[in-house]
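The structure appears below as structure tokens.
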Amino acid sequence: MLYTRPVSSAVFHRENGALYLERVRLSSLLSSGLETPFFIYSTAQLVSDWQAYAQAVRGIDAVVGYAIKANSNPAILRLLAGFGAGAVVVSDHEVRLALESGFSPARMLLHGNGKRSRDIDAALQAGIILSVDSEFDLEQIAARALAHKTKAKLLLRVNPDIDPQVHPYISTGLLDSKFGFSEAAVERTRQRLQSLPSVEVRGLHCHLGSTLKTVQPVRDAARLLATLVLALRSDGHPIDILDMGGGLGIDYSRGLEQLPIPDELTLAVSPVLRELGLRLFLEPGRSLVGRAGALIGRVLGVKDNGRKHFIVTDASMAQLIRPCLYGAYHHIDLLDESVAGPSLIFDVVGPICESGDFLGQSRQLPTPRAGDGLIVYDAGAYGFAMASRYNLHLGCAEYLVDGQSIRRVRRAETFDDLSRTFSDEPISL
Ligand code: LLP
């Protein structure tokens, strides 16, 4: 497929061919010597994407819990905590970082289909709710809660066997995914719950998958969960939370697709909330931070192998693995179009020693010169968070723009940082 659609957005915009993020001319960052690649985020976009959720839950008893796995840069966490977001975490380190960034434990939740005891302990110590994914998970949480002499508050993660119609790697609502209790397992567990005094089930959870293009599966799942709410209440559990997970997609095509907005999500579930008097928990990741971020790289050179044209950049799968891992589309542009040559069809690739190392394929772009800047849009979610050090390309810097000001919110990792973990010591058995 060939993608040629121009980008239009107020946060990213062009003036005389030069791309700006808010009031910052992006190519000037390169000419002032900033090392590439790097991620850059827009405060204005973060604010506007948060406001869409704040507006969607107006008048509803709800917590919007940010799934911090999408992007756990502390500057972004502090912003979202300041807006009043809750935090959805999946490890002891995420618990710690969320608490240090100002999220209130009362608005936090730990997930995981394979929680380690260190994760469970961190959640119990912080007093946050845990989702329970399976029968063995329930036994382990109950045992740790007993050891901590506390009562664990739980959400039961239900696998509703509903197809969210997304890439199989990020589809979680079907029974062949590894997540949650099947309805049959819920039935078995109802009995077991009666004899576990160290846990208290407070609600039900499901997360159908990520990059949802419609809210219909969420509506269907809410109905299904409603029947389980009634069943668990009839067993005497004080069920007051319905957690519908995250998953709203964003328009990676930047203009070609119509994606549901948070309002549609709350509309889809509010009948069930009202009927049963439940508090809503939502867990957006991508739709809160995806659009706000971009990956910026520098062109190393342009190459023609007789069959294809390539733009080779210093940005790669080591910073953004989504194109390689999911065949995901991210829009790509040159930072400065006015200085570029003829428009051709390019594969945009990185310098990593794998043919899978591409950021975009068959893209119509003006021919850049070595040293020119290039942007990969919509990289704020699952970009830095999934970066690797493959080929020893170490962690890159991150910047946060607010109007015309720009702050470095993470420095690039150095060889010294890396070598601090090297060791050569005997292990006594
Ligand atoms: N809640 C749970 C239980 C989740 O597993 C996830 C994401 C979220 C919330 C947030 O979902 P979101 O709103 O961001 O779609 N690496 C993949 C996405 C993996 C999502 C994993 N779970 C990607 O780059 O597309």
Grab the Cα-Cα distance for Tyr390 and Arg223, subtract it from 0.36 nm times how many residues apart they are, and report the gain in nm with one decimal. 55.7 nm
Going toward the positive end of the dipole of segment 44-288, with +1 on Lys and Arg Cβ and -1 on Asp and Glu Cβ, which of Pro271, Pro284, Gln216 do you reach last? Pro284
To the nearest 10 degrees, how steep is helix 117-126 against the longest Cα principal axis of the chain, on a 0 to 90 scale? 80 degrees
Before anything else, pin down the relative contact order of segment 1-126: Cα pairs under 8 Å, at least 6 apart, normalised by residue count, whole percent. 16 percent
Which of the GluC sites (Glu not before Pro) found in segment 243-349 are in a DSSP loop and have at most 12 neighbouring Cβ atoms, other than their own, within 10 Å? Glu257
Run the numbers on segment 44-288 and let me know its relative contact order in percent, using alpha-carbon pairs under 8 Å that are six or more apart. 21 percent
Starting from the Cα-Cα distance between Ala231 and Arg274, subtract it from 0.36 nm times their residue separation and give me the gain in nm to one decimal. 13.7 nm
Beyond 28 Å (Cα-Cα) in this structure, taken from Lys115/Lys151; Lys178/Lys213; Lys69/Lys308; Lys69/Lys178, we find Lys69/Lys308
Can you check what the net charge comes to around Ser42, using other residues whose Cβ is under 11 Å from the Cβ of Ser42 (Lys, Arg +1; Asp, Glu -1)? -1
For the chain, report the accessible area per residue in Å² (1.4 Å probe, heavy atoms, rounded to an integer). 44 Å²
Calculate the dipole size of segment 68-179 relative to its Cα centre from +1 charges on Lys and Arg beta carbons and -1 charges on Asp and Glu beta carbons; express the result in debye to the nearest 20. 480 debye
On C-alpha positions alone, give me the angle between the axis of helix 183-193 and the longest principal axis of the chain, in degrees, nearest 10. 50 degrees
In Å, what Kirkwood hydrodynamic radius results for segment 44-288 from the alpha-carbon pair distances? 18.0 Å
According to the square roots a ≥ b ≥ c of the eigenvalues of the Cα gyration tensor, what is the shape class of segment 313-370, taking rounded for a/c under 1.5, prolate for a/b larger than b/c otherwise, and oblate for the remainder? prolate
The chain: percent of C-alpha pairs farther apart than 27 Å? 55 percent
Shape of segment 90-210 from its Cα gyration tensor (a ≥ b ≥ c, root eigenvalues): rounded if a/c is under 1.5, otherwise prolate when a/b > b/c, or oblate? oblate
Would you mind working out the magnitude of the charge dipole of segment 277-403 relative to its Cα centre, with +1 at each Lys and Arg C-beta and -1 at each Asp and Glu C-beta, to the nearest 20 Debye? 280 debye
Each label point is 7 Å from the Cα along the Cα-to-Cβ direction; what then is the distance between the points at Ile345 and Ser419, in nm? 4.7 nm
Dipole of the chain, Cα-centred, from +1 at each Lys and Arg C-beta and -1 at each Asp and Glu C-beta, to the nearest 20 debye? 460 debye
Cα gyration tensor category, rounded, prolate or oblate, for segment 276-429 with a/c compared to 1.5: oblate
Apportionment of accessible area to carbon and sulfur, the chain, percent (1.4 Å): 51 percent
Taking only Cα atoms of segment 44-110, radius of gyration then Dmax in Å: 11.3, 33
Just in segment 256-360: which trypsin sites (Lys or Arg not before Pro) are loop by DSSP and have at most 15 other Cβ atoms within 10 Å? Arg307, Lys308
Can you give the relative contact order of segment 142-216 as a percent, counting alpha carbon pairs under 8 Å and 6+ residues apart? 44 percent
Have a look at Val11, Phe384, Ile162 and report the one farthest towards the positive end of the charge dipole of the chain, computed about the Cα centre with Cβ charges (Lys/Arg +1, Asp/Glu -1). Val11
Run the helix sum for the chain: -39,500 (n - 2.57) per DSSP H stretch of 4+ residues, divided by residue count, reported at 222 nm to the nearest 500 deg cm²/dmol. -8500 deg cm²/dmol
With r as the distance between the Cβ atoms of Ala52 and Lys151 and R0 = 30 Å, compute the FRET efficiency 1/(1 + (r/R0)^6) and round to 0.05. 0.25
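The values are calculated or read from the model by the stated rules, or taken from the named source; none is laboratory data. Bear in mind that the values here come from a model prediction, so they are computed numbers and not experimental data. Neighbour counts run over all protein chains shown; Cβ positions are idealised from the backbone, glycine included. What goes into the accessible areas is simple: the full protein's heavy atoms, side chains included, and nothing from ligands, DNA or RNA. Shrake-Rupley method; radii C 1.70, N 1.55, O 1.52, S 1.80 Å.
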